[in-house]
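Written out below as structure tokens is the structure these notes cover.
The values are calculated or read from the model by the stated rules, or taken from the named source; none is laboratory data. Keep in mind the model is a prediction, meaning the values are calculated, not measured. All Cβ positions, glycine included, derive from the backbone under ideal geometry; neighbour counts span all protein chains shown.
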Amino acid sequence: MTFDRKDLTNEQLVHIYRNLLWPRMIEEKMLVLLRQGKISKWFSGIGQEAIAVGATLALQEDEWIMPMHRNLGVFTSRHMPLSKLFMQWQGAQEGYSKGREREVFILAAMHHICGMISHLGTQLAIADGVALAHKLKKENKVSLAFTGEGATSEGDFHEALNVAAVWDLPVIFIIENNGYGLSTPVNEQYRCISLVDKAKGYGMEGIQIDGNNVLTVYDTIKGIREFCIKHQKPYLVECMTFRMRGHEEASGTKYVPPDLFRLWEQKDPINNYEVFLKYSGVLNDNDIAAIREEFKNKIEEELAIGFNARPITVDTEMEEEDVFIAP
Ligand SMILES: Cc1ncc(C[n+]2csc(CCOP(=O)(O)OP(=O)(O)O)c2C)c(N)n1
Ligand SMILES: [Mg+2]
């Protein structure tokens, strides 16, 4: 994998590394806790972190992101504390949805994150709405929505891209093409060669990139963000990657040819970036070990807080406050 640092300083390269490694280490811990019955389910984004992290870092912190179920790197790169995320996954009162459920579909307005509501594709049109608001208010901002390649078969995908193109909305659509939609491989999902070819059909710009190269993702999305704002146009980005685990942890990977795992293991976004950082003299083995140790301790500290979550209480006043907005 070839990395082009362009004009990024060593500090910026390390900042990106820390953001990339953090969700991986959290996930590795969550997979252990899942087996211990401490959390109930997990959609793994292992091997795909460069997309969520690179794209989030390329945006301004007050620009809205609509993530999917594998985008832990969006949450962590927007500084959502692991303790609170963990409370969410436990269905605790202090979780983001206040104990109503224990899903990964999180709305966190203070972080400008609007997660999906389980139905694939629905978050794409919401990104249109946010982009329309920016356009009408003449704000120099974009919105960014993630979708899996499987979800591009939903009608919502077509509607959201078509409206964005026709209304000239500054919105970035990222397809995470990870080879499978649940157990369905891409050759049973669509007949076009590349999903990015669909951009032409909608009359918008599109590009296909290596989704495992964090600098490619970061630099591409940064440039596209500027394009979308300057020209008031949408953009379709197809990020090529691979789902290294099952659809969710309970479902396994028996239907995936083992060769594919071996191939994509070589393209692991974190290992490759580490090699580049070492080769460029930005970090050495001791630095990397120290960061990993720091994160390991931080995870334990955050989990100690997370495990102390309050039991759920029913509070009808709070429920009403969260449903109705005072005129
Ligand atoms: C409308 C709809 N259909 C089916 C599902 C069940 N479902 C959840 S994730 C998923 C696979 C999605 O595949 P893809 O879009 O490629 O995303 P990936 O899981 O690979 O990241 C399916 C079928 C759903 N949530 N919503
Ligand atoms: Mg997929």
Practice problem: Determine, yes or no, whether Gly148 is closer than 22 Å to Val237 by Cβ, touching a strand residue (DSSP E or B) at 6+ places or on another chain (Cβ under 6 Å) and within 16 Å of ligand 1 (Cβ to nearest atom). | Solution: yes
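Here is a yes/no grid of residues against (1) more than 24 Å from the chain's Cα centre (by Cα); (2) loosely packed, with under 15 Cβ neighbours inside 10 Å; (3) modelled with pLDDT under 95; (4) closer than 30 Å to Lys6 by Cβ:
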site: Asp285; (1), (2), (3), (4): yes, yes, no, yes
site: Ala289; (1), (2), (3), (4): yes, yes, no, yes
site: Ile299; (1), (2), (3), (4): no, no, no, no
site: Glu302; (1), (2), (3), (4): no, no, no, no
site: Arg310; (1), (2), (3), (4): yes, yes, yes, no
site: Thr313; (1), (2), (3), (4): yes, yes, yes, no
site: Ile325; (1), (2), (3), (4): yes, yes, yes, no
Quiz item: What tally of residues in segment 73-102 results from selecting those that are in a loop (DSSP other than H, G, I, E, B) and either basic (Lys, Arg) or touching a Lys or Arg at 6+ places or on another chain (Cβ under 9 Å) (or both)?
Solution: 11
Self-check item: Pairs with Cβ under 7 Å, 6+ apart, first in segment 227-256 and at positive phi, second in a loop (DSSP other than H, G, I, E, B)
Solution: Gln232/Asp168; Gln232/Pro170; Gly252/Gly246
Practice problem: Check every one of the helices (runs of 4 or more DSSP H) wholly within segment 228-327 and list those with 1 or more residues that are of a type in the set (Phe, Trp, Tyr). | Solution: 258-265, 269-279, 285-306
Exercise. Identify the single condition in (1) surrounded by 21 or more Cβ atoms within 10 Å (Cβ to Cβ); (2) within 14 Å of the chain's Cα centre (by Cα) that Arg78 does not satisfy, given that it satisfies every other one.
Key: (1)
Self-check item: Residues within segment 151-171 that are assigned to a helix (DSSP H, G or I), more than 16 Å from ligand 1 (Cβ to nearest atom) and within 25 Å of Gln48 (Cβ to Cβ), tallied
Solution: 1
Quiz item: Looking at segment 180-205, which of its residues are in a loop (DSSP other than H, G, I, E, B), surrounded by 14 or more Cβ atoms within 10 Å (Cβ to Cβ) and within 16 Å of ligand 1 (Cβ to nearest atom)?
Solution: Ser183, Gln189, Tyr190, Ser194
Exercise. Under 7 Å between Cβ atoms, at least 6 apart or on separate chains: pull out the pairs that start in segment 140-164 with a residue that is closer than 15 Å to Ile126 by Cβ and end on any residue that is aromatic (Phe, Trp, Tyr) and within 16 Å of ligand 1 (Cβ to nearest atom).
Key: Ala145/Phe173; Thr147/Phe157; Thr147/Phe173; Ala151/Phe157; Leu161/Phe173
Quiz item: Name the residues in segment 255-272 that are polar (S, T, N, Q) and closer than 13 Å to Thr241 by Cα, would you?
Solution: Gln266
Quiz item: Which of the residues that make up segment 116-127 are of a type in the set (A, V, I, L, M, F, W, C) and in a helix (DSSP H, G or I)?
Solution: Leu124, Ala125, Ile126, Ala127
Self-check item: First in segment 291-315 and closer than 12 Å to Leu85 by Cα, second anywhere and hydroxyl-bearing (Ser, Thr, Tyr) and part of a helix (DSSP H, G or I), Cβ under 7 Å, 6 or more apart
Solution: Glu302/Ser83; Ile305/Ser83; Gly306/Ser83
Exercise. Quickly run through segment 165-202 and pick out the residues that are free of Cβ contacts under 8 Å to residues at least 60 places away in the same chain, more than 13 Å from ligand 2 (Cβ to nearest atom) and touching a strand residue (DSSP E or B) at 6+ places or on another chain (Cβ under 8 Å).
Key: Ser194, Val196, Asp197, Lys198, Ala199, Lys200, Tyr202
Quiz item: Can you tell me which residues in segment 103-115 are in contact (Cβ under 8 Å) with a residue 12 or more places away in the chain and either aromatic (Phe, Trp, Tyr) or not in a helix (DSSP H, G or I) (or both)?
Solution: Glu103, Val104, Phe105, Ile106, Ala108, His112, Ile113, Cys114, Gly115
Quiz item: Across segment 99-125, what is the total count of residues that are on the phi > 0 side of the Ramachandran plot, buried (at least 17 other Cβ atoms within 10 Å of the Cβ) and within 12 Å of ligand 1 (Cβ to nearest atom)?
Solution: 1
Quiz item: What residue, of Glu238, Glu248, is under 30 Å from Trp167 (Cβ atoms), within 16 Å of ligand 1 (Cβ to nearest atom) and charged (D, E, K, R)?
Solution: Glu238
